[in-house]
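Trainee: Submitted below is the structure of interest, expressed as structure tokens.
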Amino acid sequence: MEAQHLHAKPHAEGEWSTGFCDCFSDCKNCCITFWCPCITFGQVAEIVDRGSTSCGTAGALYALLYVVTGCACFYSCFYRGKMRAQYNIRGDDCTDCLKHSFCELCSLTQQYRELQHRGFDMNLGWAGNVERQQNQGGVAMGAPVFQGGMTR
């Protein structure tokens, strides 16, 4: 059973909580993503990977792929599919690829907003969100509540 975070906003099951072109609903994130998409991608990847990938590592790999190939969108599209699977959001790999190929800004900002709407504080990263969750009584955020003794 998966409970939503106490501050999560309700949305229809199987749907994104915000529209694809709602980039400007969070102007700060929109500007960061426009000028340096590797930051937003890194934040999203760390949460989607539940801490097994750090924001810095994912962001650096994204930047490297962008500089070397110009096609970092294929890397980020993989995370959109992974996120859809985790949260049972409808869609398909082909559409994910098209969205990331033709509007990377909209895709990344939508993923960022989705995680925010699911109760994650994107500035804290995975470990910070887990700690915050435990301090607030252990309400699940789509993630297991860690028992004592599990530390990094």
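Trainee: Say each of ALA127 and PHE74 gets a label point 7 Å from the Cα, pointing the same way as Cα to Cβ; how far apart are those two points in nm?
Mentor: 3.3 nm
Trainee: Would you rank ARG113, ARG50, ARG90 by solvent-accessible area, highest first, keeping every protein chain in place and using a 1.4 Å probe?
Mentor: Highest to lowest solvent-accessible surface, that is ARG90, ARG50, ARG113.
Trainee: How much length would be gained if the chain were fully extended between LEU98 and ALA85, taking 0.36 nm per residue of separation minus their Cα-Cα distance, in nm to one decimal?
Mentor: Contour length minus the Cα-Cα distance gives 2.9 nm.
Trainee: Spin-label point model (7 Å from Cα, Cβ direction): what's the PHE20 to CYS36 distance in nm?
Mentor: 2.9 nm
Trainee: Quick one: grab the alpha carbon gyration tensor of region 15-113, order the square roots of its eigenvalues as a ≥ b ≥ c, and give me rounded if a/c is under 1.5, else prolate or oblate depending on whether a/b is larger than b/c.
Mentor: rounded
Trainee: For region 32-78, which chymotrypsin sites (Phe, Trp or Tyr not before Pro) are both in a DSSP coil and crowded by at most 13 other Cβ atoms within 10 Å?
Mentor: none
Trainee: Considering only the other residues whose Cβ falls under 14 Å of the Cβ of THR109, what net charge follows from Lys and Arg at +1 and Asp and Glu at -1?
Mentor: Residues near THR109 contribute 0 overall.
Trainee: At a threshold of 8 angstrom on Cα-Cα distance, excluding pairs fewer than six apart, so keeping six or more, what relative contact order does region 57-108 reach in percent?
Mentor: 30 percent
The values are calculated or read from the model by the stated rules, or taken from the named source; none is laboratory data. Keep in mind that what you see is a predicted model, and the values were worked out from it rather than measured. Virtual Cβ from ideal backbone geometry, glycine too; neighbours counted across all protein chains shown. SASA here: full protein model, heavy atoms, side chains in, ligands and nucleic acids out. Shrake-Rupley method; radii C 1.70, N 1.55, O 1.52, S 1.80 Å.
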